[in-house]
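Take a look at the structure set out below.
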Amino acid sequence: MKLTLRIWRQKNAQDKGGLETHQLDDVSPDMSFLEMLDVLNEDLLEKGTEPIAFDHDCREGICGTCSLMIDGVPHGPDRGTTACQLHMRTFKDGDTLTIEPWRAKAFPVVKDLVVDRTSFDRIIQAGGYVSVNTGGAPDANLIPIPKAEADVAMDAAACIGCGACVAACKNASAMLFVAAKAGHLGHLPQGEVEKKARARAMVHQMDEEGFGACTNTYDCEAACPKEISVEFIAELHRDYRKGLFSGR
Amino acid sequence: MQLESKVPAGPLTEKWDKHRAEMKLVNPANKRKFRVIVVGTGLAGASASASLAELGYDVDAFCYQDSARRAHSIAAQGGINAAKNYPNDGDSVWRLFYDTIKGGDYRSREANVYRLAQVSNHIIDQCTAQGVPFAREYGGLLDNRSFGGAQVSRTFYARGQTGQQLLLGAYQALMRQVHLGKVSIYPRSEMLDVVLENGRAVGIVTRNLMTGEVRSWAADAVVLATGGYGNAFYLSTNAKGCNVTAAYRAYKRGAGFANPCFTQIHPTCIPVSGDHQSKLTLMSESLRNDGRVWVSKTTGDKRAPGDIPDDERDYYLERRYPSFGNLVPRDVASRAAKQVCDEGRGVGSSGLGVYLDFRDSINRVGEDGIRQRYGNLFHMYEKITAENPYQVPMRIYPAVHYTMGGVWVDYNLMTTIPGLYAIGEANFSDHGANRLGASALMQGLADGYFVLPYTIGDYIAQAGPSGAKSTDAAFTDVESEVNERTRKLLTRKGKRTPDSFHKELGKIMWDECGMSRNAEGLKQAIQRIPELREEFWESVRVTGAREELNQTLEKAGRVADFLEFGELMCRDALQREESCGGHFREEFQSEEGEALRDDEKFAHASVWEFKGDGAEPALHKEELEFENVTLTTRSYK
């Protein structure tokens, strides 16, 4: 396959940045998207040009590190797929692809396609956990949990924290990310105790970080590589409201 | 080098309790005066950092990823073992201990493994309390499944994402401590060296991967939770960033490195598709619960799998190992796959693959039943191969997955350097020569939640504050060494990329020190690797500058260490003249091709001591004493 790539290059956070065009003449359809970038980078390096910086690690769709906007869609055109699991057979010979970093105020660009997502960590720090210390936990089978509830918790817990939801949202809202964590813990008896306080703290931190508000356009759900449902956002709204009034 | 295992005296079942009763404690009010550095935020690192902070210590936690939540523990799929015996199928702490010792081919320390089995049940309780959404039965209680090397169902799981869910539990506990001000977290930071004062580990030197800043950090103890070195083979199931640097630098500063040749080749990975391949993807071993492994009985059979009738298929694991069948341990399954492929019966275009077939299970429990159990794995397989495994059998082939070898530690998880600890995959302790499935998660969390928080207190209570400051000469000297090395990498201006060296090293390692090894090949590798290393330092090309995000520089530094470490792996494989677990020496096999262990000569951990660049490392031995189990030939027939 032959491809034309328009790739975002930006030296550092201060640099204005811009698109750079590269031609690839020999792309195998069995390559993953990131392997295609590897080939380009090896080629650049051999020519003495600095390779394109992009984030990646596990390359099996679970670590949430890769973060590419491909033709304006986070992780590219395949539904429920991270960029590292996207394969070149999805594209056609002769295609032109535009590759950019996540765009959001709360995800500043570090270099080229690499952004800083530590704002997500700070949202979790604000309350995305069950406040238990190590030791002293009761037997795991002490509290039975209906399978259906545990399954809903697991659906939400599948979030990989990649930030595609933010990148897809016209408001750069982190609502789906926050709702997934709140939904995961809120559906389990262990997490229910702090449900309202958690919702309040995480939403406040989200605002603090400069993420936008949710206007229910659901682009987040469409972009989510783990296909997390926007229903969790509705639940978060409810818990947040309750949290405001109950003061707990 | 002194190798004192410090295993407490007394009966096996009482050692840990007795030791806990005798360990020195640090007064709660004094704990906040001590600082512990933890490098790595996977299951071991995150659980240790959180637990130490909860106890009151100040913790500095570092990881190379952009967030602690992305450490590679996250990719573990299948599950975590514990001796809960919820299914009432005869499990016990003793049986988990025995299976792990036997599965490790009797090359691990009894006392450590027994302790691991003892604390396994607490892990499940702890994780459940944190909100880990383990799979449940309809009655609301926890579900279990079977894994290789065991005849009981003791594996807890969260769909095919168990590692992710356990890591998120530990990560959330860690984030809570960051919020409470007890942990300072430094993502995108790579440890480049450990610093010693008067023989004691007192800190580390890191490079900030965003800014390139090289900086020293002082503490009272240092914990390495930096994972394994499977990427020495270039292609492995490890994340791209996984590396040996932290452990190897510790080795160069005097920490003994144990059994580097013990690497695990996982039997169920998606086969390589071409030269562009950057990593290999694992298909969880849990699939072997319902999938049947086979190849054609005839060599060079090019028929589609569906056209090969049952009586012309060789279900070779079921045939050779009737009692464990498709659930034989990983080393046995991997070698058997290699054998049938060597015979020319492999499948797929490369001939390096075998079928993992779900036809019979789908007929038994339906497609939905299989989707419930393995939906995300089937989805992932289809993404990568463009084949639908509900309709055609999966093609699988072994790939490097885990490293049992690691930094040598005593019973307290301390290395041969006082004040330096190694936990999780980074240490060598619990899995011997072969790790059983679902035991890596167990060990990482056992070390981090339930062992290290006790043993490090004992050390701190006795050793007292280190008194080290990051401006001490010991730190500035190491910083200069680190800077000099970086300068060298940036000024070679050669022709070859770091990745090209890594691939070449990986091929040597896979060919000569992979699934099967022999003296001749290993000797060649020991000769070839230093040549490659020399070429690297002459002609590697690294672009960009030091004071910025520079992924080529990061890569080059890691490859440079693999180019030294690979040689140590080969040396270790050469001296171990027996076949045990994942280490298969072709010279030592039975007539049926099974591994031949030599307990007379090799019932020990081989521990290597660094003797200087260019000098041969010294070999030390920790004899393994088995008082509670009888060493038998491992048979899964």
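Quick note: the coordinates plus some simple rules give every number you see, no bench work behind them. Being a predicted model, the structure only gives us computed values, none of them experimental. All Cβ positions, glycine included, derive from the backbone under ideal geometry; neighbour counts span all protein chains shown.
Taking the Cα atoms of the range A:3-110, the ratio Rg/Rh between the radius of gyration and the Kirkwood radius comes to 0.94.
With a Förster radius of 25 Å applied to the beta-carbon distance between B:V629 and B:Q151, the computed FRET efficiency rounds to 0.90. Please go through the range B:539-604 and write out the chymotrypsin sites (Phe, Trp or Tyr not before Pro) that DSSP classes as loop and that have at most 12 other C-beta atoms within 10 Å. Loop-located and lightly packed - none at all. Equivalent ellipsoid of the protein assembly as shown: semi-axes from √(5λ) of the C-alpha gyration tensor, largest first, are 35, 33, 31 Å. In a DSSP loop and with at most 12 other Cβ atoms within 10 Å, the GluC sites (Glu not before Pro) in the range B:189-229 are B:E213.
For A:L244, project a label point 7 Å along Cα to C-beta. Then give me every residue of the range A:189-220 with its amide nitrogen under 17 Å of that point. Within reach of a label on A:L244, which here means backbone N under 17 Å from a point 7 Å along Cα→Cβ, the range A:189-220 contributes A:196-208, A:212-216.
Which value, in debye to the nearest 20, describes the size of the charge dipole of chain B about its Cα centre when Lys and Arg Cβ atoms bear +1, Asp and Glu Cβ atoms bear -1, and nothing else is charged? Mind dumping the intermediate values first?
Details: 78 positive and 83 negative charges, 297 e Å.
With only Lys, Arg, Asp and Glu charged at Cβ, the dipole is about 1420 debye.
Summarising the amide proton neighbourhood of A:C58: residues at separation of 5 or more, or on other chains, whose placed amide H is nearer than 5 Å comprise A:C63, A:T65, B:K240.
If you take all C-alpha pairs in chain A, what percent of them are over 24 Å apart? If you can, show how the numbers build up before the last one.
On the way: 15414 of 30628 pairs.
When every Cα pair of chain A is considered, 50 percent fall beyond 24 Å.
Charge dipole of the range B:266-399 (Cα centre as origin; +1 on each Lys and Arg Cβ, -1 on each Asp and Glu Cβ, all else neutral): 280 debye, rounded to the nearest 20. Here the range B:494-637 yields Rg over Rh of 1.08, to two decimals, using C-alpha coordinates and the Kirkwood radius.
Where does the protein assembly as shown land at 222 nm, in deg cm²/dmol rounded to the nearest 500, when only DSSP H runs of n ≥ 4 count, each adding -39500 (n - 2.57), divided by all residues? Before the final figure, lay out each step's value.
Numbers: 26 runs with 322 residues, N = 885.
Dividing the helical sum by the residues of the protein assembly as shown leaves -11500 deg cm²/dmol.
3J(HN,Hα) along the range B:595-610: 5, 10, 7, 10, 6, 4, 9, 10, 7, 8, 8, 8, 10, 9, 10, 5 Hz, from the Karplus curve 6.51 cos²θ - 1.76 cosθ + 1.60 with θ = phi - 60°, whole Hz, x for Gly and Pro. Taking Cβ atoms as reference points and 13 Å as the exclusive limit, the residues near B:R634 contribute a net charge of 0, counting Lys and Arg as +1 and Asp and Glu as -1.
Just need the relative contact order of the range B:420-561 here, percent rounded to a whole number, with Cα pairs under 8 Å and 6+ apart. List each step's numbers first, then the result.
Values: 94 pairs, mean separation 37.8, N = 142.
RCO, the range B:420-561: 27 percent.
Annotation: amide H of A:V110 within the under-5 Å range of A:V115, A:D116, sequence separation 5 or more or interchain, hydrogens built in the peptide plane.
Return the distance in nm (one decimal) between the two label points of a simple spin-label model at B:Y315 and B:K503, each offset 7 Å from Cα along Cα→Cβ. If labels sit at B:Y315 and B:K503, their model points lie 4.1 nm apart. Projecting label points 7 angstrom from Cα along Cα→Cβ for B:Q462 and B:E587 puts them 4.1 nm apart. Considering the range B:52-109 at the alpha-carbon level, its Rg and Dmax are found to be 17.4, 44 Å.
Scan the range A:169-248 for GluC sites (Glu not before Pro) in coil per DSSP, keeping those whose Cβ has at most 14 other Cβ atoms within 10 Å, and list them by number. Don't jump to the answer; show the numbers that get you there.
On the way: sites: A:E192, A:E194, A:E208, A:E209, A:E221, A:E227, A:E231, A:E235; in loops: A:E194, A:E209, A:E227.
Passing sites in the range A:169-248 are A:E227.
Between the C-alpha center of the range A:3-72 and that of the range B:50-102 there is a gap of 35 Å. Centre-to-centre separation between the Cα atoms of the range A:73-88 and those of the range A:177-242: 24 Å.
Inter-label distance, B:D275 to B:S92: 5.9 nm, where each label sits 7 Å from its Cα along the C-beta direction.
Which values, in whole Å and largest first, are the semi-axes of the equivalent ellipsoid of the range B:121-170 obtained as the square root of 5 times each eigenvalue of the Cα gyration tensor?
Working: eigenvalues 63, 35, 23 Å².
One finds semi-axes of 18, 13, 11 Å for the range B:121-170.
May I ask you to list the lysines whose Cα is less than 24 Å away from that of B:K601, ignoring any residue fewer than eight positions away on the same chain? List returned: B:K6, B:K102, B:K523, B:K621.
Expressed in nm², what is the orientationally averaged projection area of the convex hull enclosing the Cα positions of the range B:266-399? Before the final figure, lay out the partial values.
Working: hull surface 31.0 nm².
So the mean shadow area of the Cα hull is 7.7 nm².
Based on C-alpha pairs under 8 angstrom that are at least 6 apart in sequence, the range B:266-399 has a relative contact order of 35 percent. The range B:426-508 gives an Rg/Rh value of 1.15, both radii derived from C-alpha positions and Rh following Kirkwood. Using bins of 10 Å that start at zero, the share of Cα-Cα pairs per bin across the range B:548-623 amounts to 16, 35, 27, 16, 6, 1, in whole %.
I want the local charge near A:Q85. Using Cβ-Cβ distances under 9 Å, sum +1 for each Lys or Arg and -1 for each Asp or Glu among the other residues. After counting each charged neighbour, the total is 0. Using Cβ point charges alone (K and R +1, D and E -1), the dipole size of the range B:473-597 about the Cα centre works out to roughly 680 debye. Sorted from greatest to least, the principal axis extents spanned by the alpha carbons of the range A:118-246 come out as 45, 28, 27 Å.
Averaged over the residues of B:116-129, the number of partner chain Cβ atoms lying within 10 Å of the residue Cβ comes to 4. Relative to the compact-globule estimate of 2.2 N^0.38 Å, the Cα radius of gyration of the range B:389-547 comes out at 1.42. Taking a straight Cα-Cα cut-off under 22 Å and skipping sequence neighbours fewer than 8 places away in the same chain, the lysines within cross-link reach of A:K147 are A:K181, A:K195, A:K226, B:K84. Separation of the range B:263-300 and the range B:140-213, taken as the distance between their Cα centroids, equals 28 angstrom. Over chain B, the ratio between the Cα radius of gyration and 2.2 N^0.38 Å evaluates to 0.92. Each residue of the range B:94-235 gets 201 Å³ once the volume of the Cα convex hull is shared out per residue.
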